[in-house]
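Chemist: Structure in structure tokens, see below.
The values are calculated or read from the model by the stated rules, or taken from the named source; none is laboratory data. As the structure is a prediction and not an experimental result, all values here were calculated from the model. Because the Cβ atoms are built from the backbone with ideal geometry, glycine has one as well, and the counts that use them run over all protein chains shown. The accessibility values were calculated without ligands, DNA or RNA, using every heavy atom of the protein model including side chains. Shrake-Rupley method; radii C 1.70, N 1.55, O 1.52, S 1.80 Å.
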Amino acid sequence: MSVHSIKTVATQPFTDQKPGTSGLRKKVQVFQQPHYLENFVQAMFDCLPQWRGQTLVLGGDGRYYNREALAILLRMAAANGIGRVLVGRHGLLSTPAASHLIRKYGAGGGIILSASHNPGGRDGDFGIKFNLSNGSPAPEILTEAVYQRSRSLVEYRLLDAQVPSLDRVGEARLGDMAVAVIDPVADYAELMESLFDFDAIRAWLERNPMRFDAMHAVTGPYAREILERRLGAPAGTVMNGVPLPDFGGGHPDPNTTHAHALVELLNGGHGYVFGAASDGDGDRNLILGPGFFVSPSDSLAILAANARLVPGYRHGLTGVARSMPTSRAVDAVAAALMIPCYETPTGWKFFGNLLDAGRITLCGEESFGTGSDHVREKDGLWAVLFWLNLLAVRGQGVEAIVREHWQRFGRHFYSRHDYEALPLERAEALMQGLRARVEGLAGQRLGRWTVEQADDFAYLDPIDGSRSQRQGIRVLLEGGARIVYRLSGTGTEGATLRIYLERHELDLARHGQDTQQALAELAALADQFAGIREIIGRQRPDVVV
């Protein structure tokens with residue numbers, strides 16, 4: 001390749017390219033600004049010189065601007081010395097599948113174009129994040145380095161050449177860089193077959209109808225290949241299975257609000273015994289039984305408690321981990337199994353070191369994310385297959401499995417209240433006020449509870465010794481009740497305040513309570529203690545999960 005085919009383009013820094021919990025997320029129009037995407041990508045390449053000459057995995061969830069961004073990325077990768085790129089056909093690649101490809105083929109890392117569960121379309125959100133050679137999202141120390149580099153960038157490099165078609169499997173060249181367009185599903189599907197008892201699931205599906213909502217997002221092709229072709233579920237089991245740039249006008253967040261059509265099918269007496277959904281980039285999951293919702297926190301605990309029933313985990317678990325805001329249901333399971341349970345900040349990257357060191361096997365977050373040591377990302381379809389394997393082996397329905405779990409470990413009533421699109425200064429003022437109030441709060445009374453512990457959560461990584469501070473305000477109350485306050489790092493408009501409520505109930509007679517009723521007193525206390533109405537001027541949350 002002639003050096004003259006590489007263009008060096010003069011640019012000016014942008015001041016807002018600080019990655020959040022899962023990469024850089026902004027409105028599509030922000031990314032479409034001249035030089036915006038290019039600046040961030042060049043900062044990334046500048047901070048990752050070890051990628052030169054290496055293989056890079058590349059793909060996205062198919063949302064609006066995915067194709068244009070991929071073309072830019074390929075030209076910049078070629079100009080920055082990447083040796084080979086593996087890219088999913090049509091530019092599609094789920095986040096867990098990308099993690100698996102990095103690990104399977106020994107890639108230097110990967111770049112994933114997605115804003116996960118955020119809405120898509122011309123007026124929606126776009127995002128970019130990068131993973132390292134272990135398949136895990138980049139740690140804070142590296143994302144901070146990229147941000148600092150983006151603030152001083154004055155030029156970027158890209159190859160002056162036509163990008164090869166991404167619509168056919170095969171290999172081409174872009175300058176000196178090889179571009180291998182691969183089937184985005186095949187390697188991932190083989191991995192799932194190695195972990196789960198497909199024969200048992202296939203037999204169960206012959207007797208039990210289910211529906212999977214791909215939400216017009218990236219898991220459509222994955223679910224059709226695995227559920228309908230390899231496991232023999234009837235055609236049409238996968239609904240909304242074609243990935244669309246605007247997710248069909250829907251919101252690709254697999255919760256009971258945005259997957260309302262699936263919920264209606266499960267609750268409407270149509271005979272379906274299992275329902276599930278995944279999000280924009282395939283890393284989140286929703287689990288439903290007839291008229292029954294499984295909270296993500298309970299799901300993680302149940303998978304841990306039943307892991308030995310699944311081939312890939314029959315030898316047991318080395319440990320488990322959860323993000324700090326996630327309910328402590330899995331803690332009770334870990335105690336019974338006599339294995340470690342780690343509490344980390346929010347963000348899957350914090351699980352990576354624990355997984356690599358063999359400290360944990362399963363991990364999860366309350367925001368509908370569950371995973372294991374098979375990849376270094378949360379994995380929506382993996383969780384669905386895990387549940388199908390349990391249903392097939394145990395011969396019980398979803399609700400029966402959950403209620404039996406509550407009988408053994410108690411029920412952790414749990415909910416999240418989101419206040420969205422807040423003025424940033426008000427949200428930060430509220431958090432600052434809480435930080436000042438939690439000092440010395442232990443031993444005092446809040447409502448009818450005594451405070452056992454209150455702090456601004458900080459995490460010392462047991463593997464590399466790194467420390468992450470200001471990860472959320474914890475107020476731990478007697479009897480297993482808990483309130484957590486945290487600003488989310490995944491939104492693109494203003495600030496999102498999240499309040500997490502938890503109460504442990506051992507009395508079997510009370511396990512049938514409605515979750516919000518069971519937590520109503522705690523929710524009122526959380527609002528009053530933080531001064532929600534006075535400081536941010538909201539009477540009620542925008543979203544209750």
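Chemist: Inside the stretch 199-223, can you point out the residues that are open to solvent by less than 10 Å² (accessible area, probe 1.4 Å), aromatic (Phe, Trp, Tyr) and assigned to a helix (DSSP H, G or I)?
Modeler: 222
Chemist: Of everything in the stretch 84-107 that's farther than 13 Å from residue 59 by Cβ and without any contact (Cβ under 8 Å) to a residue 60 or more places away in the chain, which residue is least open to solvent (accessible area, probe 1.4 Å)?
Modeler: 106
So that you can scan it fast, the table gives a plain yes or no per residue for (1) in contact with a strand residue (DSSP E or B) (Cβ under 6 Å, 6 or more places away or on another chain); (2) under 22 Å from residue 482 (Cα atoms); (3) of a type in the set (Lys, Arg):
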site	(1), (2), (3)
389	no, no, no
393	no, no, no
397	yes, no, no
400	no, no, no
427	yes, yes, no
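Chemist: Would you tally the residues in the stretch 34-76 being assigned to a helix (DSSP H, G or I) and over 22 Å from residue 246 (Cα atoms)?
Modeler: Number satisfying all stated conditions: 16.
Chemist: How many of the residues in the stretch 242-266 are modelled with pLDDT of 95 or more and closer than 16 Å to residue 292 by Cβ?
Modeler: So the count comes out to 5.
Chemist: Conditions first: (1) touching a residue at least 40 places away in the same chain (Cβ under 8 Å); (2) of a type outside the set (Lys, Arg); (3) surrounded by 12 or more Cβ atoms within 10 Å (Cβ to Cβ); (4) out of contact with any Phe, Trp or Tyr (no Cβ under 8 Å at 6 or more places or on another chain). Residue 438 passes all but one, so which condition is the exception?
Modeler: (1)
Chemist: Since residue 51 meets every condition but one in (1) open to solvent by less than 30 Å² (accessible area, probe 1.4 Å); (2) of a type in the set (Phe, Trp, Tyr); (3) within 24 Å of the chain's Cα centre (by Cα), which condition does it not meet?
Modeler: Exception for residue 51: condition (3).
Chemist: Tell me which of these residue 241 doesn't satisfy, since it passes every other one: (1) on the phi > 0 side of the Ramachandran plot; (2) open to solvent by less than 10 Å² (accessible area, probe 1.4 Å).
Modeler: Going through the list (1) on the phi > 0 side of the Ramachandran plot; (2) open to solvent by less than 10 Å² (accessible area, probe 1.4 Å), residue 241 breaks only (1).
Chemist: Here is a follow-up. How many residues are within 24 Å of residue 137 (Cβ to Cβ) and open to solvent by 50 Å² or more (accessible area, probe 1.4 Å) when one looks only at the stretch 306-340?
Modeler: Here the count works out to 2.
Chemist: What residue, of 138, 145, 178, is touching a strand residue (DSSP E or B) at 6+ places or on another chain (Cβ under 7 Å) and surrounded by fewer than 18 Cβ atoms within 10 Å (Cβ to Cβ)?
Modeler: Answer to the selection: 178.
Chemist: Could you grab me the full set of residues in the stretch 360-373 that are crowded, with 22+ Cβ neighbours inside 10 Å and more than 16 Å from residue 296 (Cβ to Cβ)?
Modeler: Residues of the stretch 360-373 that are crowded, with 22+ Cβ neighbours inside 10 Å, as a first pass: 360-372.
Hits for the stretch 360-373 are 360, 361.
Chemist: Something else: Taking the condition of being at pLDDT 90 or above and surrounded by fewer than 23 Cβ atoms within 10 Å (Cβ to Cβ), how many residues in the stretch 485-494 meet it?
Modeler: Of the residues in the stretch 485-494, the ones at pLDDT 90 or above are 485-487.
In the following step, the residues that additionally are surrounded by fewer than 23 Cβ atoms within 10 Å (Cβ to Cβ) were identified as 487.
Matching residues across the stretch 485-494 total 1.
Chemist: Looking at residue 279 and the list (1) acidic (Asp, Glu); (2) open to solvent by 40 Å² or more (accessible area, probe 1.4 Å); (3) under 21 Å from residue 95 (Cβ atoms), which single condition is not satisfied?
Modeler: Of everything listed in (1) acidic (Asp, Glu); (2) open to solvent by 40 Å² or more (accessible area, probe 1.4 Å); (3) under 21 Å from residue 95 (Cβ atoms), residue 279 misses just condition (2).
Chemist: Right, next: Does residue 513 count as open to solvent by 30 Å² or more (accessible area, probe 1.4 Å) and in contact (Cβ under 8 Å) with a residue 40 or more places away in the chain? Give the steps one after another, and end with the answer.
Modeler: Details: open to solvent by 30 Å² or more (accessible area, probe 1.4 Å): yes; in contact (Cβ under 8 Å) with a residue 40 or more places away in the chain: yes.
In short, yes.
Chemist: Taking the condition of being in contact with a Pro (Cβ under 8 Å, 6 or more places away or on another chain), modelled with pLDDT of 95 or more and either on the phi > 0 side of the Ramachandran plot or open to solvent by 20 Å² or more (accessible area, probe 1.4 Å) (or both), how many residues in the stretch 441-470 meet it?
Modeler: 0
Chemist: Hey, any hits in the stretch 384-405 for a residue that's assigned to a helix (DSSP H, G or I) and of a type in the set (Lys, Arg)?
Modeler: Yes, the stretch 384-405 contains at least one residue that is assigned to a helix (DSSP H, G or I) and of a type in the set (Lys, Arg).
Chemist: Search the stretch 244-269 for residues being part of a helix (DSSP H, G or I) and on the phi > 0 side of the Ramachandran plot, and hand back the single one that is surrounded by the fewest Cβ atoms within 10 Å (Cβ to Cβ).
Modeler: Once the filter is applied, the top-ranked residue is 249.
Chemist: Something else about it: For residues in the stretch 394-421 being surrounded by fewer than 17 Cβ atoms within 10 Å (Cβ to Cβ) and hydrophobic (A, V, I, L, M, F, W, C), which is modelled with the highest pLDDT?
Modeler: That would be 400.
Chemist: Residue by residue through the stretch 434-485, note down the ones that are over 26 Å from residue 355 (Cα atoms) and small (Gly, Ala, Ser).
Modeler: If the condition is that a residue be over 26 Å from residue 355 (Cα atoms) and small (Gly, Ala, Ser), then 436, 440, 442, 443, 447, 454, 479, 480, 481 are the ones that fit.
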